[in-house]
1. Where Rh is the Kirkwood radius over the Cα pairs of the chain, the temperature 4 °C and the viscosity 1.567 mPa s, what D in µm²/s does Stokes-Einstein return?
2. What relative contact order, as a whole-number percentage, does the range 307-424 give when Cα pairs under 8 Å and 6 or more residues apart are counted?
3. What FRET efficiency, computed as 1/(1 + (r/R0)^6) with R0 = 56 Å and r the Cβ-Cβ distance, is obtained for residue 380 and residue 36, rounded to the nearest 0.05?
4. Within the range 221-302, which trypsin sites (Lys or Arg not before Pro) sit in a loop by DSSP and count at most 10 neighbouring Cβ atoms inside 10 Å?
5. Principal axes first, then extents: for the Cα atoms of the range 279-339, list largest minus smallest coordinate on each axis, whole Å, largest first.
6. Around residue 264, with a cut-off of 12 angstrom between Cβ atoms, what is the net charge of the other residues, counting Lys and Arg +1 and Asp and Glu -1?
7. Over the range 365-456, what is the relative contact order in percent, taking alpha-carbon pairs closer than 8 angstrom and at least six residues apart?
8. Can you pull out the GluC sites (Glu not before Pro) in the range 1-43 whose DSSP state is coil and whose Cβ has at most 10 other Cβ atoms within 10 Å?
Amino acid sequence: MSKEKTSIPKGTRDFGPEKMAQRNYIFDAIRQTFEKFGFLPLETPAMENLSVLTGKYGDEGDKLLYKILNSGDFLSKTSLEDLRKGYKQVVAKVANKGLRYDLTVPFARYVVMNRHEITFPFKRYQIQPVWRADRPQKGRYREFYQCDADVVGTDSLICEAENILMINEVFSSLGIESFIIKLSNRKILAGITEVIGAPGKETEFAVSIDKLDKIGRERVFEELTTAGFTADSLIKLLPIMDMKGTNNEKLELLRKMLSGSEVGLQGVEELEEIFGYISNFGLKDDHTKLDVTLARGLNYYTGSIFEVIALNSGIRGSLSGGGRYDNLTGVFGMDGMSGVGFSFGVDRIYDVMEEINAFPEENLVSTQVMIVNFDAASAAHSLGILTRLRQAGISSEIYPDAVKVKKQMSYANKKNIPYVLMAGSQEIDEEKYGLKDMTTGEQTRTSIEDIIELLKG
């Protein structure tokens, strides 16, 4: 009988200790920034009822939801007639739960369920994995972490400006300097459809224009034509898509182009207000770029939208993105709750940092000192030393087996442990322990008190 080849599902990855240290470096930078801006931690279940998830991401998003088969004989309630009617009919009878697609919709569900205990405006952050049945490729995975920060219960555009600040702070702390924050507004997209003669088609427009970077202008126009946009509408769209200049110059052009659309002008005014707040915060280089082709295809966005793209990188897709949603909680029975939020895609950020070699080497060191295990007596005495080191806040370990010292030193080298402590019979008698600097090779003999002081310094 042949052995089955061991593998993991496509679009998923294992992360060993070295990579986990690097990932935790990213998580820590994001978490610290979120908390500095007043956001509180929250977790929601990996699975949600499909009734919570479906209809929130558009038809494209619904197709990418992972459904979880019901327990037991899940086929007992189906029939051949159901199969003839298609997969939607079957899914409705065999699955009523799914893996979460993002963290925003579960957050909205949480807000509605706990609205009487929450203090509004409510600022929360979540750092958890999400799942999408997407086609795996470089920078795109089926299982990946999102780091969300949302505030609900306020219409203030100061929140949008603070999102831009947090994005800048996180990327600065991670050493990613070459990036653009694309910024637009869904009201502008609605205004564009009005002035080009396609009112009411903003959803179809947003879904197609969101694919511009992936499939190109020609295929986007083909999709728009199929969706009912006329040739005249597409001709009127060209100068809007080809706008050039600074953010302020583009805003002035949009104000003229959208002069016949009340909703479009409202979007322009909101962007002007956001840029004003960013300036008031004193951020010298905000990395923002007004881009009217940005759509953020998710249906729940209603106002400002933004997306972060790495420059000079082979990683495709956004590293972060988000926007304003005026009534996401409304689908759960709680109307009028405006919110804005965004998410960091840790897996893509990781790939970019690996590509540009932005991880600090010292971040990979988990153990500061390893105690050599000479024999049973040495090990017994060293356990007390180990306790004192750990009580002093020094990450430390003892090699578990009394094997050759060369093997123990090799272990310390491979783990990048900077110091090795030796407590042989003579060191124990004199209470002077050997401490070897694994980088320089220098070795000294001193008291445990001096060793603790050195390692803590």
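1. On the way: Rh = 25.8 Å.
Stokes-Einstein gives a translational diffusion coefficient of 50 µm²/s.
2. On the way: 152 pairs, mean separation 26.3, N = 118.
Once divided by the residue count of the range 307-424, the mean separation gives 22 percent.
3. Numbers: r = 46 Å, r/R0 = 0.82.
That pair, residue 380 with residue 36, gives E of 0.75.
4. Counting only loop positions with at most 10 other Cβ atoms within 10 Å, the trypsin sites (Lys or Arg not before Pro) in the range 221-302 are 244, 284.
5. The principal-axis extents, from largest down, are 45, 32, 18 Å.
6. Net of charged neighbours comes to -1.
7. Here the relative contact order equals 31 percent.
8. Loop-located and lightly packed - 4.
Values in this text are rule-based calculations from the coordinates and carry no lab data. A quick note: this is a predicted structure, and the numbers were derived from the prediction, not measured. Cβ: placed from backbone, ideal geometry, glycine included. Neighbour counts: every protein chain shown.
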